[in-house]
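Every number here is computed from the coordinates shown, using simple stated rules; none is lab data. Just so we're clear, the structure is a prediction, and the values are computed from it rather than from any experiment. Methodologically, a virtual Cβ is constructed for each residue, glycine included, from the backbone with ideal geometry; neighbour enumeration extends over all protein chains shown.
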Amino acid sequence: MPQDDRTPRPARRDTLRFLTATGAALAAAPLARAQTAPATPATPAAASGAMAMNGSGFYRQKIGDMTLTTVSDGTAPLAALLPTWGANPDRQAEFAATLAEYSVPATNTVNHFNPVLLEIGGKRILIDTGRGGASGQLVANLRRAGIEPDTISVVFITHGHGDHIGGLTTNGKPTFANAQHMINEAEFNFWVTQANPNDAVKNNLIGLKDKFKLLKSGEEIVPGVLTVATPGHTAGHHSVLAQSGGQSALILGDAGGHFLISLKHEGAYVGFDTDGAQAARTRQEIFARITDGKLWVTGYHFPFPAIGHLRRLAPGSFEYEPTVWNWS
């Protein structure tokens, strides 16, 4: 792969540092189980004594003729970023140096959860559903964006981890009652055939099995929106490619890994990747595809609003460039 001849752009790196230095750094182990309590709206600081919410929890980006909205499901505290998000045991000092270079806190930080809503061709497609339960903020933030759960046309699940499927049900009932539910066939079958499935799988995949349409790799979710095989994080993990008006966006789910370590360091893997070596290879392939095609990109655990572009720093090394915030 030829080296990119563009020189680093300090202003964009400064933007990244600014976003992450405020406590928006990524990190956290996956949720093994979903909670069963209903999602609750954020409580005003005056009533709760907590810090007031900084923003409205959603960000809209026009891409071609579609609207892509990242919708925060909130954050979770994390005591230490390493080694979870950069798990290679012999590269810890290397990873720590990158975090320090970008002024990203390595300890006492948070993990972000960012489902994506696509509005295209008169349909609303929700990609992943957050954690659910008392911690989940997806429904509250959808409503802040003026979107009621019963107006979602399709829910697509990238993979079966609890922080992606937990919001599928509320109090034992489908959260998105009118939506067609979709997931890759191999991914679905892996989780629902386990001898001892966890509670998230029991409540949100097995419990809703009659609502799911099982898709093959590369199959359309709706016209212009395709599944893309991105294995490694889980064996059947699938991302989503959305195309409209000559522009494209790749919604990575967890295929993107960490927004610094996974991008900058070829071969880096995440502690909860099912197959770390395969996940690292997949990331290299999709990062090159995004960069070469000048695609928009979202990462489920990237710092909110978790949307932007990638650029190549050197062979096998990439950098995430957050979008310039647009108020309209």
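Excluding R281 itself, what net charge comes from residues whose Cβ is under 12 Å from its Cβ, given Lys and Arg +1 and Asp and Glu -1?
-3
For Y320, Y59, Y300, what ranking results if the residue with the fewest other Cβ atoms within 10 Å of its Cβ goes first?
The order, fewest Cβ neighbours first, is Y59, Y320, Y300.
Order of E319, E285, E266 from fewest to most other C-beta atoms within 10 Å?
Starting with the residue having the fewest Cβ neighbours, the order is E285, E266, E319.
Give me the one-decimal nm value for the distance between modelled label points at E148 and L214, 7 Å along each residue's Cα-to-Cβ direction.
Going from the E148 label point to the L214 one covers 3.4 nm.
Counting each pair of different Cα atoms once, what's the Kirkwood radius of the stretch 81-133 in Å, rounded to one decimal? Don't jump to the answer; show the numbers that get you there.
Values: mean 1/r = 0.0711 Å⁻¹.
Final number for the Kirkwood radius of the stretch 81-133 is 14.1 Å.
What distance in nm separates the simple spin-label points at A288 and R60, each placed 7 Å from Cα in the Cβ direction?
A separation of 3.8 nm, rounded to one decimal place.
Return the ratio Rg/(2.2 N^0.38 Å) for the stretch 143-232, where Rg is computed over Cα atoms only. Don't jump to the answer; show the numbers that get you there.
Working: Rg = 13.2 Å, N = 90, 2.2 N^0.38 = 12.2 Å.
The reported ratio for this selection is 1.09.
Using a Förster distance of 22 angstrom, determine the FRET efficiency expected from the C-beta separation of A76 and D199, and round it to 0.05.
It comes out at approximately 0.80.
Two decimals, Cα atoms only, Kirkwood Rh: what is Rg/Rh over the stretch 184-322?
Result: Rg/Rh = 0.99.
Measure off 7 Å from each Cα along the Cα-to-Cβ vector at E321 and D275, then give the distance between these two points in nanometres to one decimal.
3.3
Can I get the semi-axes of the stretch 148-200's equivalent ellipsoid? Compute them from the C-alpha gyration tensor as square roots of 5 times the eigenvalues, in angstrom, largest first.
Listed largest to smallest, the semi-axes of the stretch 148-200 are 21, 13, 8 Å.
Per residue of the stretch 267-273, what does 6.51 cos²θ - 1.76 cosθ + 1.60 with θ = phi - 60° give for ³J(HN,Hα)? Whole Hz please, x for Gly and Pro, Karplus curve as stated.
3J(HN,Hα) across the stretch 267-273, in whole Hz: x, 5, 10, 9, x, 10, 5.
At 10 °C and a viscosity of 1.306 mPa s, what translational diffusion coefficient does Stokes-Einstein give for the stretch 182-221, taking Rh as the Kirkwood radius over Cα pairs? Give it in µm²/s as a whole number. Kindly include the intermediate steps, with their values, before the conclusion.
On the way: Rh = 10.5 Å.
Reported coefficient: 151 µm²/s.
Kindly state, to the nearest 0.05, the FRET efficiency for I206 paired with E266, given R0 = 35 Å and r defined as their beta-carbon distance.
0.40
Counting other Cβ atoms within 10 Å, keep those with at most 11, restrict to DSSP loop, and tell me which trypsin sites (Lys or Arg not before Pro) in the stretch 200-242 are left.
K216
Given a Förster distance of 41 angstrom, what is the FRET efficiency for A229 paired with N171, based on the Cβ-Cβ distance and rounded to 0.05?
So the FRET efficiency works out to roughly 0.75.
Counting C-alpha atoms alone, how compact is the stretch 233-296: give Rg to one decimal and Dmax as a whole number, in angstrom.
11.9, 38
Quote to one decimal, in nm, the extra length available between H309 and A93 on full extension: 0.36 nm per residue of separation minus the C-alpha distance between them.
75.1 nm
So what does log10 I(q)/I(0) come out to for the stretch 108-156 at q = 0.13, 0.14, 0.23 Å⁻¹, using the Debye formula with one equal point on every Cα and no solvent?
For the requested q values the scattering log ratios are -0.32, -0.37, -0.88.
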